Amino acid sequence: MQLVEEELLEVLGDFPAVLAGSEPYTPKVLAAHPKLKVIARVGVGYDAVNLPAATALSLLRLRHARSRARESRVYRRVRRISG
């Protein structure tokens with residue numbers, strides 16, 4: 001089940017990084033979470049991430065294909081970047 005904008009606003013909290021699926025990272029969601037620094041996208045593309053808003057907020061965007069080795073590398077990068 002995909003989260004909608006209102007649910008995402010509630011669940012992100014103060015996380016510095018997120019492993020994103022297809023939930024909508026709108027300007028409203030991004031602005032409401034100033035501690036968010038990294039959006040690592042699971043799968044292909046950033047269709048659900050508002051790229052102009054993410055770029056304006058200097059958010060780092062990572063993407064990986066669906067392999068376990070790449071998933072663990074992206075996870076380690078997210079952990080390292082987010083502190």
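The values are calculated or read from the model by the stated rules, or taken from the named source; none is laboratory data. In this text the structure is predicted, and so the values were computed from the model without any measurement. Cβ atoms come from the backbone with ideal geometry, glycine included; neighbour counts cover every protein chain shown.
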Check: Just one of the numbered conditions (1) of a type outside the set (A, V, I, L, M, F, W, C); (2) modelled with pLDDT under 80; (3) surrounded by 14 or more Cβ atoms within 10 Å (Cβ to Cβ); (4) in contact with a Pro (Cβ under 7 Å, 6 or more places away or on another chain) is not true of Tyr75; which one?
Finding: (4)
Next item on the list: Give just the number: which of (1) modelled with pLDDT of 85 or more; (2) surrounded by 12 or more Cβ atoms within 10 Å (Cβ to Cβ); (3) β-branched (Val, Ile, Thr) does Val4 not satisfy?
Entry: (2)
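Restrict the check to region 30-37 and report whether at least one residue is surrounded by 13 or more Cβ atoms within 10 Å (Cβ to Cβ), under 14 Å from Thr55 (Cα atoms), in contact with a strand residue (DSSP E or B) (Cβ under 7 Å, 6 or more places away or on another chain) and not hydroxyl-bearing (Ser, Thr, Tyr). Before the answer, list the steps.
The initial filter retains those residues of region 30-37 that are surrounded by 13 or more Cβ atoms within 10 Å (Cβ to Cβ), namely 30, 32-33, 36-37.
This time we only want the ones that are under 14 Å from Thr55 (Cα atoms), so: 30, 36-37.
Of the ones still in play, those that are also in contact with a strand residue (DSSP E or B) (Cβ under 7 Å, 6 or more places away or on another chain) are 36-37.
With the extra rule that they be not hydroxyl-bearing (Ser, Thr, Tyr), the set shrinks to 36-37.
So far as region 30-37 goes, yes, one or more of its residues are surrounded by 13 or more Cβ atoms within 10 Å (Cβ to Cβ), under 14 Å from Thr55 (Cα atoms), in contact with a strand residue (DSSP E or B) (Cβ under 7 Å, 6 or more places away or on another chain) and not hydroxyl-bearing (Ser, Thr, Tyr).
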Check: Among (1) surrounded by 13 or more Cβ atoms within 10 Å (Cβ to Cβ); (2) out of contact with any strand residue (DSSP E or B) (no Cβ under 9 Å at 6 or more places or on another chain); (3) of a type in the set (A, V, I, L, M), where does Val42 come up short?
Finding: (2)
Note to self: Of the residues Arg41, Arg63, Arg68, only one is over 11 Å from the mean Cα position of the chain (by Cα) and at pLDDT below 80; which?
What the structure shows: Arg68
Item checked: Every residue from region 47-58 that is of a type outside the set (A, V, I, L, M, F, W, C) and surrounded by 15 or more Cβ atoms within 10 Å (Cβ to Cβ) -> Asn50
Next item on the list: Quickly run through region 1-51 and pick out the residues that are over 20 Å from Arg80 (Cα atoms) and either without any contact (Cβ under 8 Å) to a residue 12 or more places away in the chain or charged (D, E, K, R) (or both).
Entry: Met1, Glu5, Glu6, Glu7, Glu10, Val11, Glu23, Lys28, Asp47, Leu51
